[in-house]
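One structure below.
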Amino acid sequence: MENKTLHIETNIRLLVNLLDDLRMGKLQIPPFQREFVWTREKIKQLFDSISQSYPIGSIILWKPAQKMGWKNISNIGAFQIPNADDKEVYILDGYQRVSSIFGCLTNPNKTNLQYDLDNWQSLFNLYYDLEDESFVYLRTGSSPQPCQVPVFILMSTSEFRQYSRKYIENSNISPEKVDVYLDRADTISARLFSYQVACIEI
């Protein structure tokens, strides 16, 4: 009888690398994964933890020995990720967290992924308030204040600078306050880019 040993390895990965893997279809969602059920409040709590560098729990990944041939779930945070290549890696645990992060940190205006606009606006159109230093959702139909920045903008230095020049620096905010906002934006952006997640790979 063939002796098969289950190999388990824990790796620490940057959050941004996980998002890139999803964007390129390197990570897939198995068909038995439950549907997305998180609320806005749960998503805000998750980002609060990330912004304070608190752990958010491990992500469990599974790389089967052979191609499973499943019809995988393609919905990740209102976006449609591409099909897997010949090396399928599945998210077994962490779908709610990963979907929340991917949905909020993917710029719908810059991606080539298809997405559900109503779903995105309802759950993933998250802002960071540079005045209160908190994550917020805007009221339906309301416009953001100059201090409120879409979180996906914080993932690109060039896009944030453009956003800042248009909405923050070009407002009636004092130069001193503008400097405070820019420093806070740099801080939260650095925390997002440097955040690490423990990935248990089976």
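Overview of results
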read-out: Solvent-accessible area, 1.4 Å probe, carbon plus sulfur percent, for the chain; value: 46 percent
read-out: Loop sites in the range 1-78: chymotrypsin sites (Phe, Trp or Tyr not before Pro), DSSP, at most 12 other Cβ within 10 Å; value: F32
read-out: Percent of beta bridges antiparallel (DSSP, the chain, rounded to nearest 5); value: 85 percent
read-out: Cut-off under 5 Å, modelled amide H: who pairs with D93 long-range; value: I60
read-out: Shape of the range 92-202, Cα gyration tensor, a/c cut at 1.5; value: prolate
read-out: Within a Gaussian network of the chain (alpha carbon springs, distance under 10 Å), most fluctuating of N107, N83, N172; value: N172
read-out: Of the DSSP H helices in the chain, those whose Cα atoms cover at least 18 Å axially and whose Kyte score averages -1.0 or more; value: 175-194
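The values are calculated or read from the model by the stated rules, or taken from the named source; none is laboratory data. Treat the numbers as computed from the prediction; the structure is a model and nothing was measured. Heads up, the Cβs are rebuilt from the backbone with ideal geometry, glycines too, and the neighbour counts pull from every protein chain shown. For the accessible areas, the whole protein counts, side chains as well, though only heavy atoms, and no ligand, DNA or RNA atoms are used. Shrake-Rupley method; radii C 1.70, N 1.55, O 1.52, S 1.80 Å.
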